[in-house]
Amino acid sequence: MTENSSSPANALITARGLGKHYGTFQALSGIDLDILKSEVTCLIGPSGSGKSTLLRCLNFLEAYDEGEVRIDGQLVGWQDGKASPRKPVSATKLREQRRQVGMVFQQFNLWPHMTAAQNVAEALVQVKGLSKAEARDKAILALARVNLRDKADNHPSALSGGQQQRVAIARAIAMEPRVVLFDEPTSALDPELVGEVLNVMRDLAADGMTMVVVTHEMGFAAHVANRVAFLDHGKLVACVPPDEIFRQDPADPRIRSFLQTYRERNVV
Amino acid sequence: MELDLFIRYGPALLSGFGITVLCWIVGSLGGMGLGFLIACLYQWSGSWGRACLQAYIEAVRGTPFMIQLFILYYGGPSFGLLLSPVQAGIFGFIIYGSPYFAEIFRAGFQAVPTGQFEAARCCGMTEWTIVRRIVLPQMLVSITAPLTNFMIILTKETAILSVVTVPELLFETQTMAAETFTYIEPFLALSLFYWAMVEFTSWLGRRVERHVTRHQNRQTP
């Protein structure tokens, strides 16, 4: 816990003193982060800095072992209380918590035996209990939002990487989550396919979707994010509006040297 | 060839074939079910649970089927388990096959990438839904061939049931041979029966494989 425990009223997710270690390796420590409603928060930093781990702690895909993550005040993954060691919440409770959080993965993770529409509709039927017809209608709408209506009946193997990732985004938003987590959504894509995915994400942001995005796309972070969080060696160095990160002389030397590698390649 | 032999012993052979098929189908489907259950338990249990399941697998795999049958059928009554020969045969088959099936399914679970589970968990699916809808259809792609293979092995293992007097195919054929002093014809006929079962199984396996891989490499114009 830190002195800064109060969180803004419009915070959807709050992390306080968040820590995670694997054996003796401390992957994250002392993270205090607020994800505000209808904002895009980008997580950037060198590889191995803990960006993805932090993202995966937010929906308990990784069980954090210090501090807390709260969504709307509700502790995620662990039972609230003073018990030590903490006990995980019931499987039912965890599923309920995860339903509020959509996730898009670097490797898409589409289910290969289902068509695009089936991928999107599956959880609507199995989790939300919609009829097959209702779920299909909703799936088509979600696919239309990512401009893939005409690919609804294709299997993932017949889609390009960019199209697959857009189906994955449709799958996440069809569940009407309160926030969508993106774990390096464009890192596995050929360069010419990156744009179509980023455009879809930009549209979502414009529609007011709360998003947390781990990315190496500095252009996206600079122009779309409301706030950019910079991580280094498992610690949160800064979480500020993009201008403060991407100006010519960022305050922190770690941010400066990180951005230097991009500047050298003329990316920013 | 003495064809009248087959007219005389035909009904007995066919009934033996029926018993063989019964033991094989019920026993191996039961073994497959038990094996699947073991693999699922293995997937979701801690180190103690896994050690117990592993011990069961090793114990059953480490003993010959014939000995297992002897214990079940002849030893059973001493701990209150009275089984008819056919019951003992089916029950024994389920137990004998289960660890092999369990290992095939366990490999199948491992062949499905973690990301597939994670994507489903993020949607809020229950573990059982994930197995049924996401994992099983994908693992069948890689395990249909070994499953078919083991089913084929099991067709021929049914012959061992004759040692506990199950009136199956080999048992009836031996009776026929002993009573008529003919050997070539009965055992040739016997081979044909097994061959038919094996061919049927591999045909079925190919059908299933075509079905479960239908989504692969399908390009739409």
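Read the figures in this text as sums done on the coordinates, not as results from a lab. From a predicted model like this one, the values you see are computed outputs, not experimental measurements. With ideal geometry, Cβ positions are generated from the backbone for all residues, glycine too; neighbour counts draw on all protein chains shown.
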Compactness index (Cα Rg / 2.2 N^0.38 Å), the range A:19-152: 1.25
Under-5 Å amide H pairs with A:Val237, H placed in peptide plane, nonlocal only: A:Phe230, A:Leu231, A:Asp232
Mean-position separation - Cα centroids, the range A:231-268 and the range A:91-145, in angstrom: 36
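Defining a contact as two alpha carbons under 8 Å apart and six or more residues distant in sequence, what relative contact order in percent does chain A show?
On the way: 477 pairs, mean separation 64.0, N = 268.
Here the relative contact order equals 24 percent.
Regarding chain A, what is the average projected area of its C-alpha convex hull, in nm²?
15.1
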Peptide A:103-109, shielding by other chains (average Cβ, 10 Å cutoff): 4
Shape call, the range A:1-83: gyration tensor on alpha carbons, a/c limit 1.5: oblate
Spatially proximal aspartates and glutamates relative to A:Lys51 (Cα-Cα < 14 Å; intrachain offsets below 8 disregarded): A:Asp32, A:Glu62, A:Asp183, A:Glu184, A:Glu217, A:Asp232
q = 0.21 Å⁻¹: log10 I(q)/I(0) that the Debye formula gives for the range B:98-156, counting C-alpha atoms only: -0.79
Overall Cα dimensions of the range A:172-227 - principal axes, largest extent first, Å: 29, 23, 17
For the range B:3-212, diffusion coefficient by Stokes-Einstein and Kirkwood Rh (Cα), 10 °C, 1.306 mPa s, µm²/s: 84
For the range A:108-176, Kirkwood radius (reciprocal of mean inverse C-alpha pair distance, Å): 11.3
For peptides B:54-67, B:164-177, sequence by mean Cβ density within 10 Å, most packed first: B:164-177, B:54-67
Percentage, to the nearest whole number, of Cα pairs in the protein assembly as shown over 29 Å apart: 61
Reachable lysines from A:Lys132, criterion Cα separation under 27 angstrom, eight or more residues apart if same chain: A:Lys93, A:Lys151
